[in-house]
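Just so you know, all these numbers are worked out from the coordinates, no wet-lab data involved. Just so it is clear, the structure is predicted and the values come from calculations on it, not from any experiment. For neighbour counting, all protein chains shown are included, and Cβ atoms are generated from backbone atoms with ideal geometry for every residue, glycine included.
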Amino acid sequence: MRLKLICCQVMTREAENVLTRTPHEVEVELLPMGLHDLGGAMRPHLQERIDAADAGGYDAILLGYALCGKGTEGLKAGKMPLVLPRAHDCIGLLMGSRHQYLRYFEEHPGVYYRSPGWIEFQTAGQTLEPASPSGANKIGERRTLEELIAQYGEENGKYLFEQFGAYRNHYTGLTYISTGVDGEEEFRHAAQAEAERQKWAFEEFPGSLTLLERLVNADWNAEDFLVVPPGASILATLGDSIVKAS
């Protein structure tokens, strides 16, 4: 099969890993991590890339995304199927299943998550235009104190930095999702250092590339993947399936 994978930059190394073993021809397009900061406004950016790929003569377009705060809801398949893993976000995707993520979430409330890609690309995409002031705040969460002072002045910069970091007070731990990619030791140390700075408990979770591997291998069972037929759109659902075709 000839496939197109439109993937979040967060999973760059994981995508590279699984693509070495797929029997199919897969063309990859990586999109900035900063799209997540736009919330629902990430949708037109993704739709634009889907529409562009629709003329490429592929057998299917794959999304290296999850529901992502409903950022993928409303995306429409063109002339070819659109395939999406059933996961709430990239945490569940990198843990190997939505069920594993929910079990861990219930047992570990108040936990902040990191993965190799979140550490490597956490400052990417800040030039994207936010959809609203709340979007601007989310982009600011990943900016350094020095960057904010340079843009807004010392007093305003310090104030914004404190406001952007206030959400961290609600967390008590940091979990690093290990995915076995190159450079992992460096990313693990960065996650441990962040937990230490925040005075959070640190834990490492053994991730899984199962969903990504099955995505690029065209192993799309209905339990774990949504195959959106041509002309249909992705719709979020409150049930265990997370997404359905509308």
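Brief remarks follow.
- Computed extension length for residue 203-residue 219: 2.6 nm, one decimal, from 0.36 nm per residue of separation with the Cα-Cα distance subtracted.
- For a straight C-alpha distance cut-off of 20 angstrom, the aspartates and glutamates reachable from residue 79 (same-chain residues fewer than eight places away being disregarded) are 25, 27, 29, 48, 51, 54, 59.
- Net charge, residue 86 excluded, C-beta distance under 12 Å - Lys, Arg +1, Asp, Glu -1: -1
- Across the stretch 21-111, counting alpha-carbon atoms alone, Rg and Dmax equal 14.6, 45 Å.
- Summing charges over all other residues whose Cβ lies under 12 Å from the Cβ of residue 19, with Lys and Arg as +1 and Asp and Glu as -1, gives -3.
- Values of log10 I(q)/I(0) for the stretch 163-240 across q = 0.25, 0.26, 0.27 Å⁻¹ run -1.11, -1.17, -1.23, by the Debye formula with one identical scatterer at each alpha carbon and no solvent.
- Greater than 18 Å apart at Cα, pairs in 76/244; 70/244; 4/70: 4/70
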